[in-house]
Amino acid sequence: MACLNSVIYLVQQNKLLMERRKRRWTAAGEPLALFSVTLSMGLSKELKILLIKVESAGRQTFNISELEEQRIPLCKISIENTGAEVVRACKGTRVKGKFKESFLLPAFSVKPNIATNIPIPREKLNPPTPSIYLESKRDAFSPVLLQFCTDPKNAVTVIRGLAGSLRLNLGLFSTKSLVEANAEHAVEVRTQVQQPADENWDSSGSAQTWPCESSRSHTTIDKYAQYQASSFQESLQEEKESENEEEGEEAESKTGGKIIKFGTNIDLSDPKRWKPQLQELLKLPAFMRVESSNNMLSHVGHTILGMNTVQLYMKVPGSRTPGHQENNNFCSVNINIGPGDCEWFAVHEHYWDAINQFCEKHGVDYLTGSWWPVLEDLYSSNIPVYRFIQRPGDLVWINAGTVHWVQALGWCNNIAWNVGPLNSYQYQLALERYEWNEVKKVKSIVPMIHVSWNVARTIKITDQDTYKMIKHCLMQSIKHIQILREQLVAAGKKISYQSRMKDEPAYHCNECDVEVYDLLLVTSENSTKKSYVVHCEDCARAKSPSLAGVVVLEQYRMEELMRSYDTFTLVSLTF
């Protein structure tokens, strides 16, 4: 025992022992014990000691042999390795500038193989939209419905009469109810030019184009309600007057080019102000709800307005939601409150880059700009377009990554939010857009690295493809953190531990909006006000190559991340 104590004391006191080469003893002996000693130096450093029992001149003594841990080359590391092996492989890695590897692995791709080089007959460029007619509440909660909606082949699904089968009281979202509940609530207004849904004319009216211009202002629910009502009354009057006129260009000119106002992005997140409305939505099947355990957006840990909260849209005929994919390619749920209809256009995710190229050709930014596709351009490029009517009480499920644009045909309200089903297709598309956003210097509204770690800590994954993708993302995250950590220490930076607080939001770089996870490079924005901002490594070094004035905060100890990584395993379904 005294010998064992002396060995532990030796290891604890002499850090140089960590760097010594393996010592070999020629004396024949018998291995007695193998144990490890961990030195807490901000990151895990482990030295394994082998005790050799040796008999000499009738006396038993012990020699100590230091075993070097086998280091796996970084290029050979996979999700089969432990967290400790990943960290060990990163040690001493020399990287010029920022270490950059994708969080995605192409070999794990689960996207459907949709051929784009085979011409599609004109009559098939408008495929029928999958529509499900529910006959009972039991149908709405059937696992088959979830499977159908999230099938990668189905870009969009219309669930007809969902409100009726679930007895949803959509009257709670009517304009009258909204005014009674919170008349002074803020409404963002988009001023647009009314046009037929399948047309988009330039300002001169001479040619169809892709840019879809609108100006922004603000009002209240009460004032927009008055506008919505007066718009309806004016339309009735115009219809009455037009009965006495001949149909022709003169009649068309009265409606063409009319200026309209679209009430959008109305926040219904406050559970106190909108309690009856939000409680009513709990009648929906779990996979459609704003919050559920298998919804990745429920594991963000903070509010993302309009994504993991409900948003309301108040419309008059012609109100347009321009073309887009949802933030980070997440799925979305949209319910038409009525009384009017909406017309939808949708294209499978597989064709998004072709649409992106059209946007570039017409000088509008695909990710941040406002655009309305010219249908003939899509058809001529062999791109099928789903086109359908959403009636009051219908729910539209937009699958992951689907490109879509919407126009109101009548006076109506809609409610919408995003969901992130925990499946491999959704996860892959979310990470793909996360990395594309970084290339295009656009903020990812969903902090996917933060979400991935939260999911790994709290959810048991039973699907092998989803597990592999998340595990690979975590492994890449550990690499990024460990290599940056070593670079910072080598540069003489002190790393201070500051654990995350409850409900603390994920961090993004103050300069370029990229997500910053675990290692926060912080500077003082204003010394008098004591306000601080977070930077990514690139932006911090751009300001000061030596990182002068930068404080480095660590929100998770490497041991903690390694433990979370190792305990995240594939769970078998038990029948």
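The values are calculated or read from the model by the stated rules, or taken from the named source; none is laboratory data. What you are looking at is a predicted structure, and each value in this text was computed from that prediction instead of being measured. Every residue, glycine as well, gets a Cβ built from its backbone with ideal geometry; the counts of neighbours run over all protein chains shown.
Miscellaneous remarks
- Within the range 396-409, the set of residues being surrounded by 21 or more Cβ atoms within 10 Å (Cβ to Cβ) and over 20 Å from GLU349 (Cβ atoms) comprises GLN407, ALA408.
- Condition met for GLN357 (within 24 Å of LEU125 (Cα to Cα), touching a Gly at 6+ places or on another chain (Cβ under 8 Å), in the same structural domain as HIS299 (by TED's automatic domain parsing) and not hydrophobic (A, V, I, L, M, F, W, C)): no
- Count - residues of the range 445-466 that are within 17 Å of the chain's Cα centre (by Cα) and assigned to a helix (DSSP H, G or I): 10
- Residues in the range 488-533 that are within 28 Å of the chain's Cα centre (by Cα), among the hydrophobic types (A, V, I, L, M, F, W, C) and surrounded by fewer than 18 Cβ atoms within 10 Å (Cβ to Cβ): MET501, CYS512, VAL533.
- You will find that of ALA251, ALA346, the residue that is modelled with pLDDT under 95 and in the same structural domain as LYS137 (by TED's automatic domain parsing) is ALA251 and no other.
- Whichever residue in the range 185-205 is among the charged types (D, E, K, R) and in a loop (DSSP other than H, G, I, E, B) and, among such residues, is nearest to SER215 (Cα to Cα): ASP202
- Filtered by the rule that a residue be closer than 19 Å to GLY340 by Cα and touching a helix residue (DSSP H, G or I) at 6+ places or on another chain (Cβ under 8 Å), the range 163-175 gives ALA163, LEU168, ASN169, LEU170, GLY171, LEU172, PHE173, THR175.
- Test result for ASN81, modelled with pLDDT of 80 or more, within 32 Å of the chain's Cα centre (by Cα) and assigned to a loop (DSSP other than H, G, I, E, B): yes
- Flag for PRO128 being closer than 22 Å to ASN295 by Cα and surrounded by fewer than 10 Cβ atoms within 10 Å (Cβ to Cβ): no
- Verdict on TYR366 being free of Cβ contacts under 8 Å to residues at least 40 places away in the same chain, buried (at least 18 other Cβ atoms within 10 Å of the Cβ) and not β-branched (Val, Ile, Thr): yes
- Any hit, the range 215-228, residues being part of a strand (DSSP E or B), in contact with a His (Cβ under 8 Å, 6 or more places away or on another chain), modelled with pLDDT of 95 or more and not basic (Lys, Arg): yes
- Any hit, the range 445-460, residues being over 18 Å from HIS299 (Cα atoms) and surrounded by fewer than 21 Cβ atoms within 10 Å (Cβ to Cβ): no
- Those strands (runs of 3 or more DSSP E) lying entirely in the range 370-429 with at least 3 residues in contact with a helix residue (DSSP H, G or I) (Cβ under 8 Å, 6 or more places away or on another chain) and touching a residue at least 60 places away in the same chain (Cβ under 8 Å): 412-419
- Residue, surrounded by the fewest Cβ atoms within 10 Å (Cβ to Cβ), within the range 477-486, restricted to residues that are under 11 Å from CYS90 (Cβ atoms) and of a type outside the set (Lys, Arg): GLU486
- Annotation note: Cβ proximity below 9 Å between a residue of the range 452-476 that is under 12 Å from THR569 (Cβ atoms) and a residue that is in a helix (DSSP H, G or I) and among the basic types (Lys, Arg) (sequence gap 6+ or interchain) occurs for ALA456/LYS471; ILE461/LYS471.
- Being modelled with pLDDT of 95 or more, of a type outside the set (S, T, N, Q) and within 29 Å of ALA506 (Cβ to Cβ) holds for only one residue in TRP372, TRP417, and it is TRP417.
- The residues of the range 430-444 that are surrounded by fewer than 23 Cβ atoms within 10 Å (Cβ to Cβ), part of a helix (DSSP H, G or I) and not aromatic (Phe, Trp, Tyr), listed by number, are GLU432, GLU435, ASN437, GLU438, VAL439.
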